[in-house]
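Notes follow the structure.
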Amino acid sequence: MKNVFITYGLNRQWASYRWRAEWPSMYMRDTNLIKIEDAVQYINDFPIDYDNYIFVKVTEDNLIKRIREAGKKIWVDYCDPGWWFNPQDARKQLDYADGMVCSCQPLADDLERWSGHVAHCIPDRVYLPHYKIRKEHYPHRHVRLIWYGAYQNRISIFASAANLMRAKANGYDFDLTIFDDRPDMPWQWGDMKIPIYYALWELEKENEVIAAHDIALLPPYPGPWGKVKSNNKTLTAWACGLPTTDGQDYEDLCDLIAQAAIRRERADFGYAELLKYYDVVESSREWEEILCAS
């Protein structure tokens, strides 16, 4: 079979492109990547010799029609619940899709309940060669926490703010780095008295910057959206050799800050889980199995 992922931009800086298209495609036979802008601009020359067309967060009616008329199969891949906010377009996707795939099981379950159609789950998984540096954990007094993500998702940090302030007030020595796309915008919650540093997120520096810290602070995004989000931030931390905390358990947070042995144990466990379950090679295999079975 010949397959193609169709996405916006082919931009590796975008998480959806890396995790959902580029990385899985690397281990799939006869699989290419095409950006939808080119497909639409040159629609009459758009190749229709692929067997499976996988749309990642994009659609285009004329392109779909051309693929359909050629008798090819169309798949849609979701990493966000777009049907919550644009049900009309989502219903149109269901009309033409031969299959649907989601980035985590809760998202797939939600889509199945809403649509009445089967939704497969191929979880986000890691391209391990991207992460060349792993944190080595040794005892030291001052500990560095890091939060990373998109600027608009900083709201999740509030869930851990009270415990961070409590730990600081009780003598635990740490600071926090916010690693995102808006380091020019300070974040503050009350009189935190916690040193906060900012770094501009860049893919080329992601591994180096995260691995220079001790703990990944990853509170869940609040509300129903948080329940259907992928765990790719946790996987990133594990790949960089960091343990993770959501900051909700005060005693556990303090133990992580105070004891390098606990940090090392958690980080080693996470990396072992990564190697066992979250190598993107497995995602490529699952894609090929689903496509072959359809």
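Taken together, the values in this text are just the output of simple stated rules run on the coordinates, not laboratory data. Remember, predicted model here, so these are calculated numbers, not experimental data. Ideal geometry is used to build each Cβ from the backbone, glycine not excepted, and the neighbour counts take in all protein chains shown.
Miscellaneous remarks
- Dipole of the chain [Lys/Arg +1, Asp/Glu -1 at C-beta], most positive-end residue of 3, 102, 59: 102
- For the range 129-277, the relative contact order is 32 percent, taking Cα pairs closer than 8 Å that sit 6 or more residues apart in sequence and dividing their mean separation by the residue count.
- Taking Cα atoms only, the orientation of helix 260-277 departs from the longest principal axis of the chain by about 10 degrees.
- Given charges at beta-carbon only (K, R positive; D, E negative), |dipole| of the chain in Debye: 260
- For the pair residue 60 and residue 250, the difference between a 0.36 nm per residue extended length and the Cα-Cα distance amounts to 63.6 nm.
- Restricting the range 1-98 to GluC sites (Glu not before Pro) in coil, as DSSP defines it, with at most 14 other Cβ within 10 Å: none
- Length available on full extension from residue 225 to residue 285: 0.36 nm per residue minus the Cα-Cα distance, which gives 18.8 nm.
- R0 of 25 Å, Cβ-Cβ distance residue 150-residue 128: FRET efficiency to nearest 0.05: 0.60
- Cα-projected label distance for residue 11 with residue 121, points at 7 Å along beta-carbon direction, nm: 3.0
- For the chain: relative contact order, % (alpha-carbon pairs under 8 angstrom, 6 or more apart): 19
- Among 85, 46, 179: highest mean-square fluctuation, GNM of the chain, C-alpha pairs under 10 Å: 85
- Residue 192 paired with residue 68, simple spin-label distance in nm, labels 7 Å along Cα-to-beta-carbon: 5.0
- Euclidean distance between Cα centres, the range 224-294 to the range 24-45, Å: 30
- Within the chain, helix-based [θ] at 222 nm, where runs of 4 or more DSSP H residues each add -39,500 (n - 2.57), nearest 500: -11000 deg cm²/dmol
- Applying a DSSP loop filter and a limit of 16 other Cβ atoms within 10 Å to the GluC sites (Glu not before Pro) in the range 183-217 leaves 202.
- Between residue 169 and residue 33, the contour length at 0.36 nm per residue exceeds the alpha carbon distance by 43.8 nm.
- Rounded tilt (10° steps) of 158-169 against the dominant C-alpha axis of the chain: 20
- Note that the range 138-149 has calculated 3J(HN,Hα) couplings of 10, x, 7, 6, 8, 10, 10, 9, 9, 10, 9, x Hz, one per residue in order, obtained from phi through the Karplus relation 6.51 cos²θ - 1.76 cosθ + 1.60 (θ = phi - 60°); glycine and proline are x.
- Filtered trypsin sites (Lys or Arg not before Pro), the range 193-294: DSSP coil and at most 10 other beta carbons within 10 Å: 193
- Listed residues 196, 43, 64, most fluctuating in the chain (Gaussian network, C-alpha, under 10 Å): 43
- Computed from label points 7 Å out along Cα-Cβ, the spacing between residue 272 and residue 89 is 4.4 nm.
- Label point of residue 259 set 7 angstrom out along Cα-Cβ; within the range 235-251, amide nitrogens under 14 Å from it belong to 251.
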